Structures are given as C-alpha cells and as structure tokens.
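Here the structure is laid out as structure tokens; the discussion comes afterwards.
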Amino acid sequence: MANHDPAVKPIGGPPSDVEHIKIESNYLRGALEETLRNPITGGLPEDDNRLLKFHGSYMQDDRDLRLERERSKLEPAYQFMLRVVAPGGVASAAQWLVLDELAHKYGNGTLRLTTRQAFQMHGVLKWNLKQTIKTINDTLMTTLAACGDVNRNVMSSPNPYQSELHAEVNEWARRLSDHLAPRTPAYHEIWLDGEKVVDSLEGVEIEPIYGPVYLPRKFKIGLAVPPSNDVDVFSQDLGLIAVVQDGKLAGFNVAVGGGMGMTHGDVNTYPQLGRVIGFCRPEQVIDVAEKTVTIQRDYGNRSVRKNARFKYTIDRHGIEWFQRELHDRLGWQLEEARTYQFDHSGDRYGWVKGYDGKWNLTLYIQSGRIHDTEDYLLMTGLREIAKIHTGEFRLTPNQNVIIAGVTSAKKRKIAELAARYGLTDGAMHTALRRSALSCVALPTCGLAMAEAERYLPQLLDKLEPVIQEAGLSEKEIVIRMTGCPNGCARPALGEIAFIGKAPGRYNLYMGAGFSGDRLNKLYKENIDEREILETLTPIIQQYAKERLGGEHFGDFVIRSGYVKATTSGLNFHK
Amino acid sequence: MVQLHVTNSPFSESQVELLNRLVPTLTETQRIWLGGYLAALGVNAGAAVSAAEPSVPAEQAAIPAAAPAASREVTILFGSQTGNCQRLATSLSGKLKEQGFSVNLSAMNSFKPNTLKKTENLLLLVSTHGEGEPPDNARSFYEFLYSKRAPQLEGLHYSVLGLGDTSYEFFCQTGKDFDQRLEELGGARLSPRIDCDLDYDDPAAEWITQVISALNARLNAPNIAAAAVQAAEHADAPASPFSRNQPYYAEVLENLNLNGRGSDRETRHIELSLEGSGLSFEPGDSLGVYPENHPQLVEDLITAMGWDAQQTVPLNKKGDKGTLREALLRHYEITVLTKPLLEQAAKLTSAPGLQELLLPERQQALKDYIQGRDLLDLAVDFAPWEVPAAEFVTILRKLPARLYSISSSWSANPDEVHFTVRAVRYEAHGRQRYGVCSVHCAERAEPGAKLPVFIQSNPNFKLPANPDAPVIMIGPGTGVAPFRSFLEEREVQGAAGKTWLFYGDRRFVTDFLYQTDWQRMLKDGVLSRLDVAFSRDTAEKVYVQHRLLEHSRELYAWLQEGAHIYVCGDEKHMAHDVHTALLTVIEEEGGMSAEAAAAYLDTLQQEQRYQRDVY
C-alpha cells in the first residue's frame, strides 16, 4: 500500500510475538488441525490459541478449579469459549433454538449475550469444538472473526420503535460484517471439512483487505440510531451515527478512534471516545469502513500490543492526518457532519409497538446470562417462545433480549409464555439494576483480576436499599463492572464503574455522560465492598437531595466536585 | 549360600571355620552325596559325628552308598500370578537343597512337558484366579495335562499346594484340578493337597513340612524336615526385618484424589515413607497393606450382637488377646461371607434359617445370599446369637492384607513408596458398603497417619533387562499404576528403548489419572507414545483394546522389534479383551492363522515378553 503522506511514517519497533504467530500461521492455519486432534491435552499451545481467536474461540479454564486440579495431577480444566457473530444482534428463532441446544449438548448449559450483541457459549471441550462450529455454520451463523485482530461483530441499535429504519441500518451492519470478514479458507478447512485450498495462487490475494498479518489489534464498528446511544457509538473504533431525514436513512455521521481498553498503572494506555469527522451516504459506508481499516492496518502499532488499537494510531498522528489519509484513499471527501442528539444509552423494557404495527418485547437479562435456575426458568421460557415465534430475537448492547416482530396474533401467546416462566422486563428491579452491565470475568476469563458477573448482582443487593431510601428507584444510573481494565462492559462509560484490580478489590470511576458522550474518571483506587458502600452511600444521598431537574448522576458528581470531567482520553488519567 | 557363623548354626568356631572352607568348594554332586552320607550316618551311627570330633571323614566319603540319586531329584513347578506361589516354591526349593535334594524349580510354562514322564517327585504350587482359572504361567501346562498328549504317570509321586480365596465360588479350583488330574494319570500323592485361603502362611508351612517328610520317608531317610516349618514364614526377602508377617508402619506423606471434581470415581494417590525400614522394591512389585475395618461397621456389628466392645477376646490363633473392638477393627475379616464361615456360624445360632440355607438343594440361594453381604447382615438376619464374642471371633478369617501395584520407582524416589487405590463404595441390600482397604486409604489415612505395609515382589512383572528393548504398557484405570513406576525407573536409568502407554478410563476431564505426569514424560521423551480411550465421552464406548486395533500396524512392528508387552488392571473384562485384540493384531499384521497367532503370543509369554498383572 502506497504511503500517501510521506511525512507520516508508521511507528516502528520490532514486531510483537503475536505478529510473528500471525505471519507464520499461513492465513490462520498454524498447527491447529493437529493440535486440536491431540488427545493427551484438552488445551492448545499458546500459538494456536492465539490463532483460534480469529476463528471465534478462546481457550479458557475453570480458574476456580486450577489449584485443586494441579494437586490432582490433572491439567487445568481447559474449555473453550465460543463466540457467535450476530451483526446487530439479530438471530432468527430457529437459530436461537440451535444455539440453545448446542449450549446444552456441548457447552455448560448457558448462553451469554455479550455487550457487543454476540452470543457466547462457555465450557465447550476441545473434542466438541468442530461439531459445535459446524452446527453453528449449518444454521447460517458463523464464529469467524468473532475474536482476533480483525473487525469484530458489528453492532447496531436494536431499536424496537423505528421498524423500517432498524431493518435498513441492520442491513448495513450485516454488509459491513460480510465485507470485512477474513477470506482465508482456513476456517472452512479446519471446521467445515472444506477442501484444502492451494495457498497463494499466483495473482490471487487471499486477504485483499487484511493481508497476511491481519490488523495490529481488534477493530470495532457500531451503528447508532439517535436518540438512543445504546451501542455506545463513541466507544467504537469506527462509530456510525444514523442520520434520518423525513423518516428515511440519509446516511451516517462518521466517528473514529474510540476504544475502552487500558492497562492498570500504565498512563500510556487509556480509554478514548471517537470523534465525529464527517458524514457519508449509506452506499458509501462500506468504502469508508474498508479504507479506515486499511489505514489502521498500515499505521497501527505492531510492536506494542497494548498501544496497537486504532485510538492510539489516531492520537499519535492526529485526527487531521487521518482525515487526509482517508480522503486520499477514498478519492472523495466526507461531507460536513450533520447534527444529532443522543439522550440515553440504556434499554427501554417491556412491550412496545413498532411503526410497522408489530410488537417488540424487551426482557431484562441479568448480566446477559441465559440459564435456568431453580426459581427462574429463563432459558426454558425463551426456548418455548422461540418454538412459536415467527419474528426475530435481537440482542441489545446492554445484554438484554428483544422478542422482536411479534404479530398481534402471536402477542397474546408470547405474553402468556413470558408470564408462565416469569420472564421479566425488570420492572421489579430498580432502574439502577436495569442499567447495569458486567463482563464474564471469573471463573472462565483468563484476564480477570476480580469477579464481575458473579459479584455485581450481590453488590447491587446492597446498593439498592440506599437507592430506594433515597427515592431513586426509577432513576436510571449507568453502572458497570469489569474484572479487568480491558473494557468488555465498556466501564469507562459508566456513571458509576468498577474495574477489578484484585480479588474483592476495585477501582471506582464516576462521572461518565449518561448518553455515552463523556468518559468517567478514577475516584477511589483499590477499594473493597465496605469502602465502596461507604463511599457511594453519601454521594447517592446527596444526589437525591441536590440534583437539578433531570440532572444525571454523572453530571452531578462533576458539578459537585467529586471528579473532574474527562474531556478526552488523553486527560483520563489527569 | 548363607555363610555359617557360630550364631546361626549349632557348630563351634573351629567347626564353622572348617565348614566354611570346605562347603564353598563342593560341586553339586559332592554336596548331594555328602548330604546323603551325613543323613545315613545320623541314622546308623547316632552321635558318631560329635562336637568333639569335628573332622569331616573325607576319605570315607567314597565308601558309604548314598541314597539312590534318582529319588533325590525333585521337580517344583509353580503357577503364580502375583508371585506368592513363586516365593513359596523358591523357599521350598531352598529347604530341599539344604537337605541334599536336587531341585528342578521352574514356572509351569517354562517346564518341558515331555520330561514329565521321567519325573519321579513333583511338587506343584498353584493359585486360582477369577472363576476358577489358572494363572497365566500355568495355563499351557494345565492344558497339556488335560490334552490327549498327557502321558501316563505311574511312577510319579506328587503333592499340590493350592492358593486361593474362600470368598470365591471356585476356591482353589486350579489346585484341585491339578491334584485330581495327576491322580487320574496314575500319580501317587506324597502328601495330601492343602488349599490355602488368603492367610496362607501357616497352611503353606504345614504343607512344606509334610512334603519334605514324605520325600524323606521315601528315601528311608530321617525326618529332619521340622526345620522347614518356618520356610513359609521366611519366604520374604530377608534384607529387611519387615515382612508380610511383620509389616512396617509407614507414615503417610501425601494422600491425593487423582479424580477431578465432578467425577463419579475417587482414586487416591498415596505416598508413604519407607525411611529406615530397610524395605525396597523394584518396578512391578506390589505393596501389601493391612487395612482396618470401617469403624462404623464394627460399632454396628457389636451393637447388633449385643456384645461389649471392651471385652477381651482372642486376636488370632496364636493366643494373643485384645478388646473385641480392636479384634474386629484390625484382626478379623468382617466384610466377606464364605460358605465355610456360614457352616460354622450355623452351629452358633438357634435361628433355623441359616441351617436351611446350607442345605444342598439351596446352593443357589446360598450363593445369592453371600453375594455382597457382610457379617452385620449375617448377625441381623440370623439372630438370636447366644454365643460369647470370644467364641464367635474364632470362626472368622484373619483380616487379609490387600496388594496394590506400586506406582513409583525406588530409584526415582528413594525411601518412598507410592501406590494407587480406587475407593470402592456402593450400596447393596439397603446399606452403604465400603471397600475395606480402599476406603480406609481414602478416608482415614491423612498425612501423618501410619499404614502397616510390606513389599510383595512380583517376579512376573518386570521391566526387560535390556534398557534398549521397546516397552508397550497397557493399563486402563488403576492398572496404569505400575507403569508410572516403570517409566520413572527408565528415566533414572536413562534407558534408550521406546515406550508406549495405552490408558483409558471413563472421562477425559476428570478421570485421566496422572495426566500431568504423562504429559511431562512425553515432553521429556521418557514416554514415546501415549494413546488414550475414554469410554464415557463419546456416544460409542471406546476402550484400550480399540486403540490397540487402531494402531495394529505399528504395534506389530514394535513386537517384531522385540518389544515387551505389559498388561495391568481388571482381569475379567479388560485383560481378556486386550488379549483378544493382541491376537487379532498379530493375526492380521503378521498374516497368520489364529493358531499361529496364539502360538506367537504363547512364545512371547514364555520369553517373558508378555507379562500381566491382572486382578
């Protein structure tokens, strides 16, 4: 690729170990076929695990059992997380049933709806990966590029109101997803018994967009439809904000360079919000995305992985440089950005009627975990609904699910099933709990330093009385928790956020914008539950008494001087 | 040969010196002759050789006619699976040699059947396995005797010692078969057959005394066999003061569950300290463990019988005494019912049911009753018992030691012994049942506790002497234990030979015993290949024999290269299926007929290249 601005050079430095693995992998094959077959271990060597991510899976192990198994002379309880791509979080009822069945047959009997509107299955054994992936593909879904240094699941607002607009925007999400999918035949060879394709046929580019080393790091795209910023459009590497004129999709405002991840104790890493650089028409959006991806491909940091995300590339060279480079590669210029207005990022629960006359039921799913417990048959209830539902399931960016496109004829039946299994819109919970987001963390995530999914509900049990006493039960406050600073639950956009540091200890952040337009800031470091409650209780009480009109919690803590507003990722740590 | 000292012989210092100078120089023939001479001298001249006349009458040696040489030849054959018969046979051989007999000692499968016709004195020691089956190394000889080729044996004098376990229906069946068959072929018994239960020491010693007397009687020689009484008791290697009869109380260093959470099995890996015991072992040997009965079962039994736990009762037949609780906990078997036990118990209860159960026509009912029941069932089902505990316990068998394959190498872990026990727990007849030793090991052998143990050598399960020889090991479940010992040993030796392990169990995730050990050994090259079969992970059950068949070509190639095959574990199903699979591999890959394949495997067995430790 020609360098369009000779003054700007890609950052140098020796390539990281992952770069070596990628280039030697022969387009993501590595030794996977062989190491998957090795019957002596349920795991994979590190190199192949790195490659496996591109195929949509991570090796994990049950960390609760690690020590115990080591003493028993058993290797860690290796198992695989499998992520299923669902552009815009849309799945048919038939697809839902297949995933439900696979989760029981090969997984741990649960499904997890991710913060990027994808499905996750946990606990799949190595020997069952192939059959599971094959079955997923048979139902016209894929795991390819669900993880890895490529474009990830494209998010899109599930928007239950503007039905036609949803369909149109979601179609662009699907096309972006298809266009940016890796082309390597390795996926078919390994999982789908595809014919082995002769490599590097002369003149044939195997990965025309990515090339043989793929991207320096993951790349995320999200499409928002105002006034809802449920996809957290500014947390995306490439955010697209739908612009509607006369009820029709006119195009997208383009925001670039957002991202959540950072590393504790390293101020050269930070969350950042995307910046709006212009507007494009719908049919131009694929071109914009492809060229943006290729710029990151050519200029991203391939030496230091924690500085490899697109946000650092832009901050290093400047937003103006990026615009010039993009326009050069496009051969045309983005138009002036249009005005837009976001007013929230949370979900709207319960039944709503779309403009097309069909009904949508948004259900509250705690931490996005679909499973049955003794007193809550959530998974069974959703399965029973899927058996009769003729519309779609839509996963929301807040890890909830919408039974979408219900005809009036089916509505009564589905409402009955929802009632029979006690499927809830969360009305009995505080708005705080309904607005909560957490990542998986322990026991399966290898990165977790502290609990998240298993702990946040317990913490909420203790915060809710404070909220209720303060009369804030129906006040939405965006609260998020992750087990590590990599940001899966987009914690830097929580009005209240906890990022795990060690078992039982968290950094407390406050002051993000309610609609996802401002990052938060560190308020207390390394505190335990007692300190969390002691810290938050008086602030919540004060907020209840002193808030102005519709003032949100994130704005209040800044006005009250608890934290300074973070105006850019570059001053996140200041 | 043992060096004579004043302390271990009846001779004076000067006699000892003379004897020690003379004896080592004697040839075999000279020794036999001298033995006969001295024996005859003893009978004819009484105290002719007195302490005052220490000189050995060398010149006269040619004069007295020793007993006929032919009748001094004794053939001892053993059929042994775990090595008990072999050790007894070796001990017997030593005793006979001391008395001037010429002994031909061998395993049954190493004995040339066509020499049987010329054999005059035959002593046969054999154990019984499973449903009345001969041990591996007795099979071919057993079949020969029952075949048309079996010769008439009118000149044969023989005696049989059988080892077995009365809790099996076909108790000592193989010994009985040999005894009867030799009689049918015309042989005459030197002394009656003796069948030994698990506690074989005393009856075996008795048999040895009897056969030596009988052999001496045939020679018209004095009966000096009394010295052999202790033969069986000293059958263990004398290097350590500790033995089967005097176990060493070894401290538990480590006791781990090898099964992961969620498994329906529990397999303990136990490490014991042997420091200071003088005990050592070789790979393939077994560890004998004397367990304690489950304390709850003992309590329940005492309560059911209305006895007093503190009363004094005999602990054994030697006259030691202790409390009833102690006796039932550590000295008597209370978890197995046998027909002989029920016959004796029937005399101690007034309940009519037990006598009825023992009627000949109720054989099947008796068998059904015995199956899976213990002494507590008997106590409850056939009350009232109007018999004092001190009398009742005398009908009980001694609590036997359990043998476990040793799973460590002495060279790799000096002063330690590791073994592997799968806890047996199940419900039967409305009550939870526990394997005596396995549950003792699992629940009451924390680090710091002590277990009474001894080493049981197993000469029929030994690594090839040649470290370059390839080794194939087939050991599903706890059968894998000795192979950990084998591989640790080969690692220390720096053996160059290839190694191939076949392992199987139920589930990969939770039941892969010693998984990380094998992974390390594979990485380090100590283990060349590992193939596994987990039966519950797939719709179709896969076992080790399927893996053998899958790799038949390479397996046969290894055999052709001189590989030794070892099989350890379950006898009833696994060992049989593996044997069949090996035959198939040889037949198909070697292009042989079924008969030729069987002969090939027999040859391997005779060359000790196919060894099994099955139970």
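The values are calculated or read from the model by the stated rules, or taken from the named source; none is laboratory data. Everything numeric in this text was worked out from a predicted model, so none of it was measured. Cβ placement follows ideal geometry from the backbone for every residue including glycine, while neighbour counts extend to all protein chains displayed.
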I'd like the full set of residues that are more than 14 Å from chain B (Cβ to nearest Cβ), surrounded by fewer than 21 Cβ atoms within 10 Å (Cβ to Cβ) and touching a residue at least 12 places away in the same chain (Cβ under 8 Å), limited to the range A:25-35.
A:Asn26, A:Arg29, A:Ala31, A:Glu33
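Table: residues versus (1) assigned to a loop (DSSP other than H, G, I, E, B); (2) surrounded by fewer than 24 Cβ atoms within 10 Å (Cβ to Cβ); (3) out of contact with any Pro (no Cβ under 8 Å at 6 or more places or on another chain).
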{"site": "A:Leu472", "(1), (2), (3)": "yes, yes, yes"}
{"site": "A:Lys475", "(1), (2), (3)": "yes, yes, yes"}
{"site": "A:Cys484", "(1), (2), (3)": "yes, yes, yes"}
{"site": "A:Gly487", "(1), (2), (3)": "yes, yes, no"}
{"site": "A:Ala497", "(1), (2), (3)": "no, no, no"}
{"site": "A:Tyr506", "(1), (2), (3)": "no, no, yes"}
{"site": "A:Tyr509", "(1), (2), (3)": "no, no, no"}
{"site": "A:Gly513", "(1), (2), (3)": "yes, yes, yes"}
Which one of these is at pLDDT 95 or above and farther than 30 Å from A:Asp356 by Cα: A:Val231, A:Val213?
A:Val213
Counting residues that are surrounded by fewer than 24 Cβ atoms within 10 Å (Cβ to Cβ) and on the phi > 0 side of the Ramachandran plot, which strands (runs of 3 or more DSSP E) fully inside the range A:216-318 reach at least 1?
A:248-256, A:275-280
What tally of residues in the range B:506-526 results from selecting those that are more than 30 Å from the chain's Cα centre (by Cα), under 15 Å from B:Gly260 (Cβ atoms) and among the aliphatic types (A, V, I, L, M)?
1
Scan B:Gln173, B:Gln152, B:Gln180 and give me the residue that is out of contact with any strand residue (DSSP E or B) (no Cβ under 7 Å at 6 or more places or on another chain), closer than 30 Å to B:Gln364 by Cα and without any contact (Cβ under 8 Å) to a residue 40 or more places away in the chain.
B:Gln180
Checking A:Lys353, A:Lys387 in turn, the sole residue that is of a type in the set (D, E, K, R) and touching a residue at least 12 places away in the same chain (Cβ under 8 Å) turns out to be A:Lys387
Scan the range B:302-334 residue by residue and report those that are buried (at least 20 other Cβ atoms within 10 Å of the Cβ) and either under 18 Å from B:Ile370 (Cα atoms) or touching a Ser or Thr at 6+ places or on another chain (Cβ under 6 Å) (or both).
B:Tyr332, B:Glu333, B:Ile334
Search the range A:515-528 for residues being closer than 18 Å to A:Leu463 by Cβ and in contact with a Gly (Cβ under 7 Å, 6 or more places away or on another chain), and hand back the single one that is surrounded by the fewest Cβ atoms within 10 Å (Cβ to Cβ).
A:Asp528
Quick one: how many residues across the range A:181-193 are buried (at least 23 other Cβ atoms within 10 Å of the Cβ) and either under 15 Å from A:Arg152 (Cα atoms) or not β-branched (Val, Ile, Thr) (or both)?
3
Can you tell me which condition A:Lys501 does not meet? The list is (1) in a strand (DSSP E or B); (2) without any contact (Cβ under 8 Å) to a residue 60 or more places away in the chain; (3) buried (at least 16 other Cβ atoms within 10 Å of the Cβ), and all the others hold.
(2)
From the option list B:His418, B:His440, single residue qualifying as closer than 18 Å to B:Asp285 by Cα and surrounded by 15 or more Cβ atoms within 10 Å (Cβ to Cβ) is B:His418
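Residue by residue, here is whether (1) crowded, with 22+ Cβ neighbours inside 10 Å; (2) assigned to a strand (DSSP E or B); (3) of a type in the set (D, E, K, R) holds:
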site: B:Gly155; (1), (2), (3): no, no, no
site: B:Tyr158; (1), (2), (3): yes, yes, no
site: B:Asp165; (1), (2), (3): no, no, yes
site: B:Leu182; (1), (2), (3): yes, no, no
site: B:Asp202; (1), (2), (3): no, no, yes
In this structure, does A:Phe119 turn out to be within 21 Å of A:Val440 (Cβ to Cβ), aromatic (Phe, Trp, Tyr) and under 19 Å from the mean Cα position of the chain (by Cα)?
yes
Go through the range B:461-471 and give me each residue that's under 20 Å from B:Asp524 (Cβ atoms) and surrounded by 24 or more Cβ atoms within 10 Å (Cβ to Cβ).
B:Leu463, B:Val471
Across the range A:48-81, the tally of residues that are at pLDDT below 95, part of a helix (DSSP H, G or I) and more than 7 Å from every other protein chain (Cβ to nearest Cβ) stands at 5
Would you pick out the residues in the range B:139-170 that are modelled with pLDDT of 90 or more, under 28 Å from B:Leu399 (Cα atoms) and of a type in the set (A, V, I, L, M, F, W, C)?
B:Val160, B:Leu161, B:Leu163
Count of the range A:92-106 residues which are buried (at least 24 other Cβ atoms within 10 Å of the Cβ) and outside any helix (DSSP H, G or I)
0
Looking only at the range B:568-615, and only at residues there that are of a type in the set (Phe, Trp, Tyr) and outside any loop (DSSP other than H, G, I, E, B), the one that is farthest from the chain's Cα centre (by Cα):
B:Tyr600
With the requirement that a residue be in contact with a Phe, Trp or Tyr (Cβ under 9 Å, 6 or more places away or on another chain), within 14 Å of chain A (Cβ to nearest Cβ) and not aliphatic (A, V, I, L, M), what does the range B:260-308 give you?
B:Gly260, B:Arg268, B:His269, B:Glu271
Report yes if B:Val585 is in contact with a Ser or Thr (Cβ under 8 Å, 6 or more places away or on another chain) and crowded, with 20+ Cβ neighbours inside 10 Å, otherwise no.
yes
For the range A:266-308, give me the residue count where each residue is within 17 Å of A:Ser235 (Cβ to Cβ), within 22 Å of the chain's Cα centre (by Cα) and of a type in the set (Val, Ile, Thr).
3
Pick from the range B:464-495 the residues that are of a type in the set (Val, Ile, Thr) and part of a helix (DSSP H, G or I): which of them is farthest from A:Lys126 (Cα to Cα)?
B:Val492
Residues in the range A:209-218: is at least one closer than 21 Å to A:Leu330 by Cβ and either among the aromatic types (Phe, Trp, Tyr) or under 21 Å from the mean Cα position of the chain (by Cα) (or both)?
yes
